[in-house]
Amino acid sequence: MNIKNIIIGIIMIAIGIIFVWQTEWFVNNFGRIGFFEEKMGYGYSRFGYKLIGIILIILGVLVVSGLWSGIFMGLFGQFFGGLSNS
């Protein structure tokens, strides 16, 4: 385990928690997310900010636990596997 990965993962988790916890502040200061408002309806920007926060928390846990590289290569390894052989 690398200390850099632990620090980056903890920062990602903290930012994700802030996104979920202070959603109204983000809506007031950064505005609405057009994609969620257009596709889902009025008021879904809050859902968008919470979704971004939850994704950051999950990715942060994966980085801290060291599972990020395995999952990334499992999902996208077929696209990048040829690069290492050339």
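The values are calculated or read from the model by the stated rules, or taken from the named source; none is laboratory data. Since this is a predicted model, take the numbers as computed values, not measurements. Methodologically, a virtual Cβ is constructed for each residue, glycine included, from the backbone with ideal geometry; neighbour enumeration extends over all protein chains shown. Surface accessibility is based on the protein's heavy atoms, side chains included, excluding ligands, DNA and RNA. Shrake-Rupley method; radii C 1.70, N 1.55, O 1.52, S 1.80 Å.
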DSSP loop chymotrypsin sites (Phe, Trp or Tyr not before Pro) in the stretch 5-67 with at most 13 other Cβ atoms within 10 Å of their Cβ, which ones? Tyr42
Pop out the carbon and sulfur fraction of the accessible area of the chain as a percent, whole number, probe 1.4 Å. 72 percent
Taking the chain as the reference, fit the longest principal axis to its C-alpha atoms, fit the long axis of helix 68-85 to the helix C-alpha atoms, and give the angle between the two in degrees, 0 to 90, nearest 10. 50 degrees
Taking a probe of 1.4 Å, how large is the accessible area per residue of the chain, in Å²? 72 Å²
What size of dipole, in debye to the nearest 20, comes out for the chain about its Cα centre when the only charges are +1 on Lys and Arg C-beta atoms and -1 on Asp and Glu C-beta atoms? 60 debye
Rounded to whole Å, sorted largest first: equivalent-ellipsoid semi-axes of the chain, Cα gyration tensor: 31, 19, 9
